[in-house]
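Read the structure below first, then the notes.
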Amino acid sequence: PLQGTVTVLRGNSSVPLTKVTLGSPDITNILPNISNPCLTAPPNVCVEEGVYEFQLNLPTSNESYHIVYQRCCRNNSITNLINPGETGATYSVELLPAAQTACNNSPTFNDFPPVAICTGEPIDFDHSANSNDPGEVLVYSLCSPFDGGGTDQTNATAPNGVAPDPDLPPPFQNINFLPPYNFMNPLSANPALTIDPNTGFLTGVPNVVGQIVVGVCVEEYRNGVLMSITRRDFQFNVAQCDPTVVADIAEDEIVTLQGEEYY
């Protein structure tokens, strides 16, 4: 298997400042969490979370640091993207100068998004984050996930390879949604998918089965100054869920005597 790497760039430079080789991830199996206890998710939904950890010391700079990880590709069964099997992903952190000076902690999301959601059922997911620093304001929005990596089979670590090494610098390319979908309207739903900018509460009622890529951003402000933008890129599995209970009332027995009905 290809060894994962993270590339660190500074400012507008396309030349890597340093590179981190990742070790083995801590893998957790994420079980489908259906909010309605009367429904059960289909058995073929499987998601694993891999957590990589590393430590890196960087000197304070008047330029941003970009910490970048890129990989191709997404599931070919995704229904709201153009050529999803050839679309990669970029996961990055920008350490702004103001955040470096303040020793700022980036927000962390409180919960993992639901692996499976059901058609005809409200999503109603608390997508809020913890700023980890007092007195900060978080602003939530739907945003576009980034593309990254490619399908070059001749050199997997090339700029258009499965795992670019080094990872490519910003600006990063947005993924291409399949019309009529876009990052503000990533799935068929009524009411439409929306997120509260103040609370991060995600709502909507999906009405079409499919695998959907969604992006959520949270901007972090301190005294009106932007400290960070954290972008989450995840996949919803919209399924026709099976009921776990059936309401079946037994009918009364009807007896007819001499043309009259008795119950």
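The values are calculated or read from the model by the stated rules, or taken from the named source; none is laboratory data. Quick caveat: nothing in here was measured; it's all calculated off a predicted structure. Positions of Cβ are backbone-derived with ideal geometry, glycine not excepted, and every protein chain shown enters the neighbour counts. Calculation scope for accessible area: heavy atoms of the full protein, side chains included, ligands and nucleic acids excluded. Shrake-Rupley method; radii C 1.70, N 1.55, O 1.52, S 1.80 Å.
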Completion exercise
Apart from one, (1) modelled with pLDDT of 90 or more; (2) open to solvent by less than 60 Å² (accessible area, probe 1.4 Å) all hold for Pro25; the odd one out is (1)
Fill in the blank from the handout: Of the candidates Gln235, Gln153, the one satisfying the condition of being polar (S, T, N, Q), touching a Gly at 6+ places or on another chain (Cβ under 9 Å) and open to solvent by 10 Å² or more (accessible area, probe 1.4 Å) is Gln153
Completion exercise
Those residues of the range 47-70 that are open to solvent by 80 Å² or more (accessible area, probe 1.4 Å) and within 15 Å of the chain's Cα centre (by Cα) come to a total of 1
Exercise for the section: Could you pull out the residue among Asn132, Asn182, Asn160, Asn176 that is at pLDDT 95 or above and touching a strand residue (DSSP E or B) at 6+ places or on another chain (Cβ under 9 Å)? Expected result: Asn176
Practice task
Output the residues belonging to the range 168-188 that are farther than 22 Å from Asn76 by Cα and open to solvent by less than 100 Å² (accessible area, probe 1.4 Å).
Solution key: Leu168, Pro169, Pro170
